[in-house]
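The values are calculated or read from the model by the stated rules, or taken from the named source; none is laboratory data. Treat the numbers as computed from the prediction; the structure is a model and nothing was measured. Positions of Cβ are backbone-derived with ideal geometry, glycine not excepted, and every protein chain shown enters the neighbour counts. Ligands, DNA and RNA are stripped out before the accessible areas are found, and what is left, the full protein with its side chains, is counted by its heavy atoms. Shrake-Rupley method; radii C 1.70, N 1.55, O 1.52, S 1.80 Å.
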Amino acid sequence: MTATRNSMRFGIGESAPRAAKVAALGLGIALFASGCGGSSGTEGGSTETEAGTETSAAAASALACPESEGGAGEEQGEKGDPAAVPASKTTSPEPLKLGSILPTTGTLAFLGPPEIAGVNLAVNEVNAAGGVLGQDISITHRDSGDTTTDIATQSVTDLLSQNVSAIIGAASSGVSKTVINQITGAGVVQFSPANTSPEFTDWDDKGLYFRTAPSDVLQGRTLGNYIMECGAQTVGMITLNDSYGTGLQGNIQETVEGAGGQVVANEMFNTGDSQFSSQVDAIAAAKPDAIVLISFDEAKSIVPLLVAKGIEAASIFMVDGNTSDYSKDLDPGTLEGAQGTIPGPFTGTGFQEALATVDPALTSYAYAGESYDAVNLVSLASEAAGSVEGSAIAAQLESVSKEGTKCFDFAGCVTLLRNGEDIDYDGISGPVSFDAKGDPTEAAIGIYKYDADNKPQPSRSEVGKL
């Protein structure tokens, strides 16, 4: 069933220039030409040694990907002056209460610190500007765990008992599927900074589900196009068997095949699996030009198995669920040359420095901007609605993200609102600009390349519309 939304008129405002080269993408996307000269064949195969041990020299990389364009992040637009924000004309007897279900345990725990830091930074800035409807806002953090536990359900039950108006999270699409009906059924906004499963676009969510991360229709097509641009003709895939993994896999495969390539193997695994030898053996036997690994932290176990089969790191492509820092997990150089995608523009130094004020130990910025934007958008929608009720906030979220005067933080935007102006919030994660189903209509996909320390470094950025 298709979710229904407030049907006011809105349009997309102008986009700020991008620091990195922009390629226009969309649902009717023109596919990249695969003219980089990569070979469709690879040398080597499986043999038996005298001791009976299998060795393999599969998938020696002959890809020729575009050169890095550097990773300079865009800085946030002009910020408002918290001291100059006029008083709210409408006050609320109850403060805006927010909750979060972000991962501090489980297979996506590496995403917790940047997301929580983004939320906390936004809460601090909102309160520095006088809060919402005359009251400081509050945030209560709870763990989301992963799909192998019931932590998210317990966390949501706790947050709902505290009468929160909106819940930021979960990061995992699979986890969100277990709690979205519980949250929206209670009349509370669920706002994920990292859910990318296409299933949420048409979820019967009573108009209460939003996200700042784009659907994997965009990430899948961007990565599939990029792999073909690198010159691959055959692709093997190792895929997490959940809504996130299968949705992303399907979009990558559709793009690869649409560009004339072939997916020669797709090996599945389930959350909680700890043995991946059979999947790796099947991929190595297929000898693809490129290998796509769609997982969470299972990559720590899968990557060494691939490398042990003679597969070059440069032929490995990863996704947002596993493009993270492996400097403490893998031997130096293991992932050097591998690449991965993360939705969102590269993070500017100004935002990084601001995040350090709430978490000085932060080393990853994945989805920090999306989390920061989620809090700002909920706060601005509450102000625009003159209410802290979830349904009233949801009815204004599309409005504050589109058309009107552009603004870039809570102080600047709420000043315009209180002066009677319509606003168009453009955030750290991009223009946002929600459609009628709560999805952003435009987003950047960052492409990262691993260095010798197994750390992903910003390389290129592609921007597309949905």
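A few points about this structure:
- When restricted to residues that are open to solvent by 10 Å² or more (accessible area, probe 1.4 Å) and under 15 Å from Ala290 (Cα atoms), the range 222-248 contains 3.
- Residue list for the range 139-161, restricted to those being open to solvent by less than 60 Å² (accessible area, probe 1.4 Å) and outside any strand (DSSP E or B): Ser144, Gly145, Asp146, Ile151, Ala152, Thr153, Ser155, Val156, Asp158, Leu159, Leu160
- Residue within the range 95-108 that is without any contact (Cβ under 8 Å) to a residue 24 or more places away in the chain and surrounded by fewer than 24 Cβ atoms within 10 Å (Cβ to Cβ) present: no
- Within the range 76-94, the set of residues being free of Cβ contacts under 8 Å to residues at least 12 places away in the same chain and either touching a strand residue (DSSP E or B) at 6+ places or on another chain (Cβ under 9 Å) or on the phi > 0 side of the Ramachandran plot (or both) comprises Pro93 only.
- Yes/no for Gly174 being under 22 Å from Asp202 (Cα atoms) and either open to solvent by less than 40 Å² (accessible area, probe 1.4 Å) or at pLDDT below 95 (or both): yes
- Pick from the range 434-449, criterion in contact with an Asp or Glu (Cβ under 8 Å, 6 or more places away or on another chain) and assigned to a loop (DSSP other than H, G, I, E, B), ranking: modelled with the lowest pLDDT: Thr441
- Options Thr415, Thr405: the member that is among the β-branched types (Val, Ile, Thr), open to solvent by 30 Å² or more (accessible area, probe 1.4 Å) and without any contact (Cβ under 8 Å) to a residue 60 or more places away in the chain: Thr405
- A count restricted to the range 353-395 and to residues that are assigned to a helix (DSSP H, G or I), open to solvent by 20 Å² or more (accessible area, probe 1.4 Å) and either without any contact (Cβ under 8 Å) to a residue 40 or more places away in the chain or touching a Pro at 6+ places or on another chain (Cβ under 9 Å) (or both) stands at 5.
- Leu330 vs. criteria more than 16 Å from Gly224 (Cα to Cα) and open to solvent by less than 10 Å² (accessible area, probe 1.4 Å): no
- Restricting the range 299-319 to residues that are open to solvent by less than 10 Å² (accessible area, probe 1.4 Å) and not small (Gly, Ala, Ser) leaves a set whose member that is nearest to Gly247 (Cα to Cα) is Val319.
- Some residue of the range 72-90 being in a strand (DSSP E or B) and either at pLDDT below 50 or within 30 Å of the chain's Cα centre (by Cα) (or both): yes
- Any pair with Cβ under 8 angstrom, 6 or more apart, that starts in the range 149-166 at a residue that is within 13 Å of Gly185 (Cα to Cα) and ends at one that is among the polar types (S, T, N, Q) and assigned to a helix (DSSP H, G or I): Val156/Gln182; Thr157/Gln182; Leu160/Gln182; Ser165/Ser382
- Each residue in the range 121-138 was checked for being among the charged types (D, E, K, R) and outside any loop (DSSP other than H, G, I, E, B), and 1 of them qualify.
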